[in-house]
Amino acid sequence: MIKGFKGRLTTPDDTGYEDQRHLWNEAVRTRPALIARCADADDVALAIGHAVHHGLPLTVRAGGHNFAGRSLADGGLVVDVRDLTSISVAPENRVARLGAGLRWGQVDPVLQKHGLATTGGSVSKVGVAGFSLGTGLGWLGRGHGLAGDNLLGATIVTADGAVRDVGPEAEPDLYWALRGAGTGLGVVTELRMRLFPLVRPITGTLVHRLTDADAVLWQAVEATASAPSHLNWAAVLTSAPPIPGLPDDVQGRPVLLLPVFSTGPDGEDDPHVRALRRIGRPLLDTIAPTDFCTFQTSTDEAAPDGMCWDVRSEWLTGLDGPAADHAVAAIEDASSPLSEFLFRPLGGAISAPDAPDTPFSYRHAAFMTEIIANWSSGDGAAERTWSEKGLAGLMHLSAGGPDVNHLGLNESATRTSTAYSPATLDRLTTIKQTHDPHETFQTPPWINPSKTSPTEQ
């Protein structure tokens with residue numbers, strides 16, 4: 001079907017199509033016309049050329065963990081890079097070359113053999129490419145920056161079929177765009193990531209009753225307001241996971257989880273870790289020196305395959321009492337035990353004055369929130385309305401827009417465009433016009449070269 005193509009081509013008439021089409025989010029029912037599972041960058045170029053010749057919508061799939069399912073298009077061609085899974089580590093230079101089809105659960109163990117790590121996803125099934133080319137907010141973010149901040153270079157196949165190695169000196173504008181707005185500009189086949197020493201961080205979770213959540217959350221914000229960058233934490237309102245040691249009366253009931261992650265020199269004696277542990281009366285405290293890979297897979301059960309998902313996110317200027325009250329009330333109304341309200345702090349290297357110039361537009365924000373809705377069957381109308389209402393109750397704290405890696409189903413172009421500042425959108429539009437003037441790549445919606453730039457509208 002594509003002359004010279006070495007990988008696997010699958011159409012709706014072929015055995016195995018449903019398996020090849022399947023995404024993590026079961027709510028996405030999109031049916032592409034052709035799935036081109038590429039063996040190398042040359043296959044990628046051939047697949048792009050085929051899509052252009054036949055006028056097919058063109059999308060790119062790596063991990064397939066995007067909430068909105070943007071890696072597929074009805075009747076389109078999918079450039080599938082899941083088989084590009086090479087890993088090369090240069091520990092002396094602290095650089096890794098990662099194939100675009102890798103997931104973090106494949107990468108972290110290899111890096112840890114060298115006592116190294118990089119900012120990666122907090123669910124091991126998340127793909128390296130989609131995470132790193134978007135925001136890339138992970139547990140090492142406060143200490144070492146976002147994933148895009150640590151992208152040293154990449155190999156990308158652009159709409160004209162050219163295979164390009166980009167970096168600070170080669171195609172600098174394209175390199176800039178890849179560090180936070182990398183979808184829709186081409187197909188990245190390899191990423192070169194900066195690495196950092198990491199051996200047995202202090203990690204774990206503090207579990208609090210929902211009745212104490214307002215006070216605990218507010219005290220946690222105050223206790224970490226001046227915390228050093230080696231400390232990271234989050235607040236998660238969700239149903240209690242099956243953790244041994246929890247009292248029977250909270251099993252499966254809404255609780256407040258405070259995951260903690262610290263790479264500081266004082267270990268468990270870190271004063272900021274101790275400050276978090278002293279707040280309230282936790283039902284359970286699992287904080288201890290931990291294998292990094294074990295911690296990175298500890299939330300996988302909260303994001304299982306075979307379920308339907310939607311999400312709403314927003315960068316926030318801070319947290320206040322009404323926001324905490326709203327989140328607590330909302331989680332009590334959630335219909336699924338896997339639905340959750342999550343708050344993640346920024347600061348540290350993410351917000352530092354010397355942070356790199358990338359498309360990320362919310363370094364001034366204090367928190368990012370995710371409101372994740374989950375259901376097992378049906379259209380999920382009630383659950384999706386729940387996430388919309390959840391976001392609405394926090395918009396008085398909005399820093400300006402959502403997280404590009406947590407855009408949900410059916411979000412408007414007006415809203416998705418606020419994932420970046422107007423000046424950033426102008427620059428991205430210019431880069432899109434240069435490298436994909438004919439809109440070969442159909443997504444994402446915020447950098448469409450056929451439209452005037454946002455500041456001209």
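A few remarks follow.
- Extension reserve of the Thr385-Glu301 stretch, reckoned as 0.36 nm per residue once the Cα distance is removed: 27.8 nm
- Sites Arg415 and Thr85 - FRET efficiency at Förster radius 30 Å, r taken between beta-carbons, to 0.05: 0.30
- Peptides 251-258, 162-169, 422-429, 61-68, ordered by how many other C-beta atoms sit within 10 Å of their residues on average, highest first, read 61-68, 251-258, 422-429, 162-169.
- Residue-wise HN-Hα couplings along segment 88-102, as the Karplus relation 6.51 cos²θ - 1.76 cosθ + 1.60 with θ = phi - 60° gives them from phi, are 9, 10, 10, x, 5, 9, 6, 9, 10, 9, 10, x, 5, x, 6 Hz; Gly and Pro carry x.
- Couplings 3J(HN,Hα) for segment 25-40, derived from phi with the Karplus relation 6.51 cos²θ - 1.76 cosθ + 1.60 (θ = phi - 60°), are 8, 5, 6, 8, 10, 4, 10, x, 7, 8, 10, 9, 7, 7, 8, 6 Hz, where x marks Gly and Pro.
- One Cα centroid belongs to segment 399-440, the other to segment 224-288; the line between them spans 35 Å.
- Cα long-axis angle, helix 41-54 against the chain (0 to 90 degrees, to the nearest 10): 70 degrees
- With respect to the chain, whose longest principal axis is taken over its alpha-carbon atoms, helix 213-223 is tilted by about 80°.
- Close amide H contacts of Arg200 (hydrogens built in the peptide plane, cut-off under 5 Å, sequence separation of 5 or more or a different chain): Phe292.
- Peptides 98-104, 16-22, 396-402, 204-210 ordered by average Cβ neighbours within 10 Å, highest first: 98-104, 204-210, 396-402, 16-22
- For Thr430 and Glu222, the FRET efficiency from 1/(1 + (r/R0)^6), where r spans their Cβ atoms and R0 equals 41 Å, is about 0.40.
- Long-range amide H partners of Arg164 with built H, under 5 Å: Ile156, Val157, Thr158
- Helix-derived mean residue ellipticity, 222 nm - over the chain, DSSP H n ≥ 4, -39500 (n - 2.57), to 500: -7000 deg cm²/dmol
- Over all Cα atoms in segment 1-149, the spread is summed up by Rg and Dmax: 16.4, 49 Å.
- Close amide H contacts of Leu283 (hydrogens built in the peptide plane, cut-off under 5 Å, sequence separation of 5 or more or a different chain): Val207, His208, Arg209.
- Which listed pairs, of Lys3/Lys125; Lys6/Lys113; Lys6/Lys432, have C-alpha distances above 31 Å, in listed order: Lys3/Lys125; Lys6/Lys113
- Bridges between two residues of the chain, per DSSP, are antiparallel at a rate of about 85%.
- Antiparallel DSSP beta bridges within segment 8-80, as percent of all bridges there, nearest 5: 25 percent
- Applying the Karplus relation 6.51 cos²θ - 1.76 cosθ + 1.60 with θ = phi - 60° to segment 193-203 yields 3J(HN,Hα) values of 10, 6, 10, 9, x, 7, 9, 6, x, 8, 9 Hz, where x marks Gly and Pro.
- Full-extension gain in nm, Asp285 to Arg8, via 0.36 nm per residue minus C-alpha separation: 94.9 nm
Bear in mind that the values in this text are calculations on the coordinates, not laboratory data. Please read these numbers as outputs of a predicted model, since none were measured by experiment. Positions of Cβ are backbone-derived with ideal geometry, glycine not excepted, and every protein chain shown enters the neighbour counts.
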